[in-house]
Every structure is written in C-alpha cells, then in structure tokens.
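Following: one structure in structure tokens, then a few remarks.
Readers should treat all values here as calculations from the given coordinates under stated rules, not as data from a laboratory. As the structure is a computational prediction, the values presented were derived from the model and not from experiment. Here the Cβ is made from the backbone with ideal geometry for all residues, glycine too, and neighbour counts use every protein chain on show.
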Amino acid sequence: MQKTRPFHRRKEVVIFLGCALALLGLGGRLAHLMVAESEHYATLAQDLHERERSIKAARGRILDRNGIVLADNRTVCTVSVIHSQIEDPEQVIDVLAKELELPEETVRRRVEKVSSIERVRQNVDKEIGDRIRNYGLAGVKVDEDYRRYYPFGSMASKVLGFTGGDNQGIIGLEVEYEEELSGTPGRILTLTDARGVELADTGESREEPVAGNDLVTSLDYNIQKYAEQAAYQVMEQKQADSVSILIMNPKNGEIYAMTNVPEFDLNDPFTLLPEYLPDAQTEETDAQTEAAGASDAEKQSTAGNTLTGEALQDALNRMWRNGCINDTYEPGSTFKIITASAGLEAGVVKPEDSFSCPGFKIVEDRRIRCHKVGGHGAETFVQGIQNSCNPVFIEVGLRLGVDRYFSYFDQFGLNEKTGIDLPGEAATIMHKKENVGEVELATISFGQSFQITPVQLAATVSSLINGGTRITPHFGVSVQAEDGALTGVFRYDDDRRILSEETSGLMRSLLEQVVDGGSGKNAYIEGYRIGGKTATSETLPRSANKYISSFIGFAPADDPQVLGLCIINNPQGVYYGGTIAAPVVRGMFENILPYLGIEKAKSKETEVKQ
Amino acid sequence: MRAKPGKADGVLLAAVVFLMVFGMVVLYSMSAYNGRVRFGDSAYYFKKQLFALALGLAAMYGVARIDYHVLLKFSVPAYLVSLALSGAVLLFGDAYNGSRRWLSIGPLSFQPAEYAKPAVILLLAGVVSRMNRRKSGRMILAVMLMILPIVGLVGTNNLSTAVIILGIAVLMIFISNPKYLPFLWILLAGSGFLGIFLSLESYRLERLAIWRNPELYEKGFQTVQGLYAIGSGGLFGRGLGNSLQKLGFVPEAQNDMIFSVICEELGLFGALLLMLLFLLLIWRFMVIATHAPDLFGSLIAAGIMGHIAIQVILNIAVVTNTIPNTGITLPFISYGGTSVLFLLSEMGLALSVSRYSRI
C-alpha cells in the first residue's frame, strides 16, 4: 500500500487553508448582512410580519343648536372565532348559538371553517357581547365597535343623512362633514405567520384612535319637530304626495328646520317606505318632465311591489332625496317677490303706480291669463302684489326688459347655487337669455317656465328682505371636541349686497300687506307683523291638473328674524297656496315666534305706517 | 506491517457530537411550525430525524470499529451498488417537489445520491492509492471517466449533489498529483464550461439575474426571505425558538435555508460559532489525512474533508446570496435522514482512519 508523500500532505493543507479562507470570506459576508444591512432587512421583515388591524374612531356627533344630540354612536360588538385557538368547539357553538340567537348550523359552519378569523355576527348589542366575553371561551373574540345611532329616528332624515357599514357618511350632513366627523382610526399592530394567523405571545402595539369632532348645527330640535308635525298633518289632510317645510334665519342663513315628508328612518335607511314605491311615485314625479317616461317603464317592470336591484336602489334614492335642495320646481307667484324687487330697484315701478287687469294680458300674439278670470280691474302696484295679479307683474317684467331682468336675476344670485352645506344641490334651470322673447319674459315674471330649488327661493327671498345682502343657507355652525371645547367655527359669505336697503325695506312692507290684506291673509297672526307671498303653480304637464301650493313668509315684518317656506306637492281638493300653505306657516310661526323669544307687538295698527 | 490501532480522534468525535446535538435542537426549533401546520405534530420532523440519527450513530460506531483497510476491496463493488441505486431511483423513485430522488423500502425512504458521496470517496481513495505514479497524468483522465457515470446519473435530477460529487473527485485527484498547474487549467476549463452551460438555456441565465436582484423575481422569494431572516438576526439574534421567518415565510425552513433561520435566532455570533465548529471539523479531517499511515486512509479523510467543506461553504454561500441559489443542505443541521445517516458513517470512517494515525 502506498504511503503518503509530502506533496499529498501539502495539498491537503492547501485544501484546508482554501476552505478556511472561503469560510472567512463568508463570515465577512454574513457580518455585512447582519450588521451593516441588518436594519434594512429587519425593517422589510417587520413589514412582512406585521398585520394591521384598524380600530374605528368614534364618529363625531351631530348636535342641534342647543346641544341636543341628533346623531349619536352606540357601542356594538363584533363576535368572531379564531379557528386555531378554539379548544372546545362544541361549547363555543352552543354558547354562540344561544347568545347570538343564531341557528346552530350557521354557527357550526363558522366555527368549523378553517380560516384565520371568521366573523360570526356583527352589530351585536354591547350587553350580549359582554356576556359572551365573560364566558372566557378560547378562540372567541369580541371586538367593540361604534355604530351610528339616531335617537330621533326619522327626524331630519334627509338633512342629517346616515352612514354605511364602514361608518362613512352616505348622504346629507354625514357626507358633507365627513372630514370633521370621521376622526382618525387607530391601529393595532400584531405579528402574524405567513398564513396571516396572529401570534398569540408576541404582544401588540397599539395606536389609539382619535375621535371625530362633534358638529354643531343650526337645526333646532323643537322647530324641526313642529315642522315635521305640521308637514305630516297637511300632507295627510290634503292627501298630498309630499310636503316640504324650511325654516331659516333670513339674516345669517342658519336653517332651523328642513323637512321633506315623508321622512325615512335613519336607523333603518334601507327599508323602503310604501310612499316611495314606484306606483305611488308616478304621480309625484310629473313635476319633473323627464321623469314621466322613466317611471312608466318602472311601473311595468316592478309590478307586485317587490323591488330588486336597480329598481330598489332607484326607489331608495328617491326616498333619500332632499326635495328642498336636490329637486327644482316652478316657484310660481312666490317668485313675484323677485320681479317686484327688481322692478322697484330699477325704478320702473312705484308702489302707487296704477295698473289695470282685465283678467289677461296680451303679449305679442299670446293672451296670458290672470288667475282671476274676471280680472282685478284697476289696482295699484301694492294691490297687484296683494292680489298676486299676473298682468301687473307681466307689465313690470316687460318694463324691465330681458337684459335688465336677467341682470337682476344674476345679481340676486339665482344663477348660482346657494352653496348650502349639503351634497347634491340642484342648479337653476333657466332659459338661455338669447332665447327669451317677451312671452318668455312675461311668464318668468310671475314665476313660470323655469325652475329653481326651494332652498334657492328661500335664500333669495331672505336676502331680499333682510336689508339686501345675499346670505348662504347652511346647517353647519361649528365643530367642537366631545367635551364641548370649540375647535372651529364655519364662516359663510353674508355681505354681498344684492339690493338696496330702501328697496329691501319697501319689499318687507309690501309683503306684510300681502298677509295683512291680500292673498296671504291666512298667515296672519294677531299681534305679530308677518310678511309673505303665496303661490299656486301647475306642474308639467299642465294637462295632468296637478298643483304645487306654496307659501313663503317671514316675521317680524319690520325686522325679519325667521323665514318659513312651505311647499305642498299635489294636494287634493283645494290647492290654493293662500288657502292651504299659508295656514301651515302660520301654525309654525305661532309656535316658533314665542319659542324664539320674539315678542308680540302691542298694537299692530299703530305701528303700520302705510 | 500495520501498526496497532490507537485511540480514535477525540476532538473530531466531540465536534461531531456537539454538532449533532446542536443540529437536533435547531432542527426542532426550525421545523416545529411546519410540522404543526402540515402534520399537526410539532415534533414530526424532529422524530424522523432522531430515528435517522440513531441509525447513523450505530453506523458511525460500527464503521469506526472496523479497520478501514478492509474497505479497500469493497470500494469498487460499493461504487457499483451506488450506480445501481442511482439508476433504480430514476426508474422507481418517488418524486417529491418535482424531483425523483427517493427510493422507498417499506416505510423507509432513502436517497441514493447521499450514499453515492461516500461510495465515490471510497472508490477514488482505493483507485488513486493503487495508481502507478509514472502514468499519473493519464490516470487523472481515467479516474475522471470512472466517476462520470455516477455524476451523470445523480445529476439527472439532482444537479447540486452531482456538483458536490464532482467537486470531491477533483479535490481527491488534486491531492494525488504533485502538480498545481494542470488543476488551474481544470479550474479555468470548468468555469468556461459552466459559462457556456449557463448561457445555453435562458432559464439558467435567469437564475443569475435572480441572484443579482432576488427581490425582483418571484423565484427569488426563497432567497429574499432568507436574507430577511439573516438581516433581522443582528448581532445576537431573536433568541432560540423566536424566529418569525420560519413561520412559513422562509419556505422549508428546516431544509436548505436552515442557516438563515439560525442567523435570525442566534444572531451573527451564533452563526459564526457554528461556522467555527465546521472549520474545527474540517481541520480535524486535515489532521487525520496528513497523519494517516497510508495514502488510502489519507485520501479517505481528505475526501470526507472535501465533502463537508464543499457542502458547508456552498450552503452558506447560497443562503447569504453570495452565489446563485442551488439546493445544498447544511451537514448535520438540515433535515434529511439519509444525509445524516451517511454523514455519520463517513465520520465513522474518518474516526477509523484516525485510529491508525502516525504520531
């Protein structure tokens, strides 16, 4: 057998040294990775291992002007099971089925499903959640969560709006003030394995959520309640399709109440009210010409009232619509306030100017009728307003001419949106100026052939009678922390002059006379000075013989502090605004004025200078 | 005219026992998660490995007791058996993860490629030690040709092991020849061949691209996860059992990538300590090889040194992304029954040689 020779041994040493050198090099490489690049890789690995669970922030509440909570949060629980941590599946199934009032199979399916975490039930009452937690079952997780809760159910539903499952605003103020209300969600960071299963013993780091701010609104719980009661009452009496009432402060644009009955239940917003089934709806939507065809088609496709899919969503959207701002209508005679203001401001008419109404007025080749077939005869401009005489206002409109009329229309802010703090405000639908001839101008002058939103009318009239400055109608007043500490106040433009003080004062006294001795006399309240204007407009198509009755009023007439607008859609029987809408506003004012601390004047006669 | 056998190398034995214990502890830590998730038993891999370890210890003890000279006459038959087994695995083997590498005998499965390594060591030690020195140049070629069949058979579905076998062979031939220059040529020729081999198929070039930017490729996932594990270890590691990367992030943490998780749990110090332990092992093989009474024993020890060194160096190089990814296990630590069985048999062989050391 051969012996080893020196070169054999030398080479073996060479190999060893080579290996030692290689290992040394790798050791260096390792040191580089584990010291110099350690942080880099550790961070990447950390990102990989961490799972983020967010903790919902408590949503800010919505308060009325006196601090009454209109939208609140309720603690609810989400009950989940973690498959890998369950020790006694049978007991877990028993307890959960019993406490959550779920069928056993349902619970069993969830419990036996091999997944990292399985939700058994959401929105469980806190007491039930606490009870389940007290069983101390391994693998059962009870997470607390907030859910929006509206203490007054349907009150101001279309103004407040509601939130979805993720606690995000869907409509109304809930959407508009999402940023203020939502707060900042917190985070729970946990470590997980590659399958996403949380590791039990690694601890967790927590970032606390920041609760949203409370929104203080200009809404007044009591006024809103009166308004809704009054609206429901008149809707029932007149078998109307819907009734809108808007009460606001004409000086600063704060809205005290806005209702569009029927209101829906904010705590159950996805249940369709019977009034909004497509069948019932066809009659109402005639106000919007374009809706007629669509609703006919709908009627056929949804026979049987079991709505699904798109039809249901359409119906829900109709139910959620805030008619005061999302829909436009032909204002009719209430718009004569605008024509009168423009005419007086331009100097084309004076209160004592005399007119003659034979029951119609011929403009170009058209004979435009007055609502009083026999005519009002000889009358002054004051009487013209009191009588709501169409020929008088046609005359004023024609005296102004298209250019001037449009420039006032623009100046009064009617061409722009009011800027109200609710989503989806509809724009004015007006003729193009170049298409307006004398006939169109005549109809515009008494509020027909174009459409505006109720809130636009209320805001514009407010601005015309408040001394002549354009206000921005709004709900949002301020935001405050949960403890009431003010964190922000909203500012709205309110100093744009659109009418001179004198004309504004003149308008107030003219409109007071409408209530005192004219078509608005049903709004009269003994001891209060009230101004206002009625309207009765026929909806499109005219052949349907459907009407919108409305009344806009304000008080006190010499220093308006509250303005009310009532719109009744498709009343049955008597449909004159002065007969059915004016008393609604009177009823409102009878309650509101004392409530707002507005004193009765001692004797009205002595104060009226006219 | 043989000397009486003395005592076996105590340092080697101690190092092996330490590595075994360390390996089992670490293996349990690395494999507990995968065992629990896949088989509902944290100790699943540990138990299987323990069984192989017991077999391996018995084999080590048996082999260490015999006179290694006896094996000279078995060197060729043992090699033929390895050829037969490697051939059989191609025909009857069980596939796992897409590679046909296992032969099943009843409940036991066996990787012929692991057996081929000691078989080749034994064969080359036998052949080279009987070689005519005058014709050594031509003999180099003949010896290379002898091991080509096993390299080819093993390489069919286990390229990494074939490369290891080839590497062991080259090292043993290197020792047998006094010259250095020819081996430089072999090295250059080898690299040239590798370059051509890689560029022939685009998927092999892709492997290079993955190596350079592992995070950009889906196939670089394993490498990237290994680097995350190594990097998050820092100086002292998360502590034994506290790795997060082994929780399914590093795929098959108990296999090829086990070193990365060792880095994560034991830190740079633990990893360097393990590398030092391997170096100690390799050093003992060198001592045994240089003190062997004859060329046969010396080459056996040197072959074993080559085997361990190549696997340790390549494994760590792969895990640290120093070279492109290829599946090589870490001796004594990675999970694998056949591997540990034959590794311990080789240790027995080295111990047997050490008993006959010249002082």
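For the protein assembly as shown, a simple Cβ point-charge model (Lys and Arg +1, Asp and Glu -1, everything else neutral) yields a dipole of about 8040 debye relative to the Cα centre. Taking a point 7 Å out from the Cα of A:ASP125 in the direction of its Cβ, the residues of segment A:135-169 whose backbone N falls within less than 19 Å of it are A:135, A:142-153.
Peptides A:15-21, B:260-266 ordered by packing proxy, namely the average of other Cβ atoms within 10 Å per residue, highest first: B:260-266, A:15-21. Legend: calculated FRET efficiency, A:ARG10 to B:TYR61, from the Cβ-Cβ distance at R0 = 30 Å, rounded to 0.05, equals 0.35. Counting Cβ atoms of other protein chains within 10 Å of each residue's Cβ and taking the mean over peptide B:288-297 gives 4. Mean projection of the Cα convex hull over all viewing directions, computed for the protein assembly as shown: 55.6 nm². Pairs of lysines in segment A:1-127 whose Cα atoms sit within less than 24 Å of one another amount to 4, provided the residues are eight or more positions apart or on different chains.
Compared with the dominant principal axis of the Cα atoms in chain A, helix A:309-320 is inclined by about 60°.
Close amide H pairs (under 5 Å, H built 1.01 Å from N) link A:ARG121 with A:VAL79, residues at least 5 positions away or on another chain.
Please return the longest range in chain A lying between exposed loop sites, taking GluC sites (Glu not before Pro), DSSP loop only, at most 16 other beta-carbon atoms within 10 Å, and leaving the sites out. Write down the numbers at each step before the final one.
On the way: sites that count: A:GLU37, A:GLU87, A:GLU101, A:GLU204, A:GLU290, A:GLU352, A:GLU364, A:GLU416, A:GLU482, A:GLU526, A:GLU599.
In chain A, the maximal stretch lacking such sites is A:102-203.
Cross-link partners of B:LYS7 among aspartates and glutamates, defined as those whose alpha carbon lies under 20 angstrom from its own and excluding same-chain residues fewer than eight positions apart: B:ASP67, B:ASP294, B:GLU346. Amide H contacts under 5 Å for A:VAL477: A:VAL216, A:THR217, A:SER218, restricted to partners 5 or more places along the chain or on a different chain, H placed in the peptide plane at 1.01 Å from N. Computed from the C-beta positions of B:ILE196 and B:MET144, the FRET efficiency with R₀ = 22 Å rounds to 0.75.
Listed by chain and number, the aspartates and glutamates placed with their C-alpha closer than 16 angstrom to that of B:LYS179 are A:GLU12; residues fewer than eight positions away on the same chain are left out. Ignoring lysines fewer than eight residues from A:LYS361 along the same chain, the ones with Cα atoms less than 29 angstrom from its Cα are A:LYS336, A:LYS350, A:LYS372, A:LYS432, A:LYS433, A:LYS521, A:LYS533, A:LYS546. Entry note, chain A: the mean residue ellipticity at 222 nm calculated from DSSP H runs of n ≥ 4, each adding -39500 (n - 2.57), is -11500 deg cm²/dmol after division by the residues and rounding to the nearest 500.
Please report the antiparallel percentage of DSSP beta bridges with both residues in segment A:53-217, rounded to the nearest 5. Expressed as a percentage, antiparallel bridges in segment A:53-217 total about 95. Here the Karplus relation 6.51 cos²θ - 1.76 cosθ + 1.60, evaluated at θ = phi - 60°, turns the backbone of segment B:116-123 into coupling constants of 4, 5, x, 4, 5, 4, 5, 4 Hz, with x for every Gly and Pro. Figure legend: label point modelled 7 angstrom from the Cα of B:LEU235 along Cα→Cβ; residues of segment A:23-47 with amide N under 20 Å from it are A:27-43. Couplings 3J(HN,Hα) of segment B:85-92, computed from phi: 5, 5, x, 4, 5, 5, 8, 10 Hz, in residue order, whole Hz [Karplus 6.51 cos²θ - 1.76 cosθ + 1.60, θ = phi - 60°; x for Gly and Pro].
Using just its DSSP H runs of length 4 or more, each adding -39500 (n - 2.57), chain B gives a mean residue ellipticity at 222 nm of -24000 deg cm²/dmol after division by all residues.
Legend: mean number of C-beta atoms from other chains within 10 angstrom of residue C-beta atoms, peptide B:258-267, equals 1. Put a dot 7 Å past the Cα of B:VAL17, heading toward its Cβ, do the same for A:ARG51, and the two dots end up 4.6 nm apart.
Give the relative contact order (percent, whole number) for chain B; include only Cα pairs under 8 Å separated by 6+ residues.
29 percent.
Of all DSSP bridge pairs formed entirely within the protein assembly as shown, close to 95 percent run antiparallel.
Beyond 27 Å, the tail of the calculated P(r) for segment A:53-217 holds 38 percent of the Cα pairs. Taking amide H as placed 1.01 Å from N in the peptide plane, A:THR428 has no amide H partner under 5 Å among residues 5 or more places away or on another chain.
Projected label points at A:VAL69 and B:ILE186, each 7 Å from Cα along the beta carbon direction, are separated by 8.6 nanometres. Computed extension gain for A:GLU438 through A:TYR595, at 0.36 nm per residue and net of the alpha carbon distance, reaches 51.9 nm. Peptide B:243-251 has a mean shielding of 4, counted as Cβ atoms of other protein chains within 10 Å of each residue's Cβ.
In the protein assembly as shown, taking the dipole from charged Cβ atoms about the Cα centre, the farthest positive-side position among B:SER82, A:TYR221, B:PHE332 is held by B:SER82.
Working note: Karplus 6.51/-1.76/1.60 with θ = phi - 60° gives segment B:316-327 the couplings 5, 5, 5, 4, 8, 6, 7, 10, x, 5, 8, x Hz, where Gly and Pro are set to x. Please grab the % of Cα pairs in segment A:1-139 that end up more than 23 Å from each other. Here the tail beyond 23 Å accounts for 66 percent of pairs.
Projecting the Cα positions of A:ALA458, A:ALA581, B:ILE304 onto the charge dipole of the protein assembly as shown (unit charges on Cβ atoms of Lys, Arg, Asp and Glu, taken about the Cα centre) puts B:ILE304 furthest along the positive direction.
When A:ASP88, A:ASP143 are sorted by how many other C-beta atoms sit within 10 angstrom of their C-beta, beginning with the fewest, the order is A:ASP88, A:ASP143. Let me know the whole percent of all Cα-Cα pairs from segment B:10-354 that are separated by more than 30 Å. That tail contains 37 percent of the Cα-Cα pairs.
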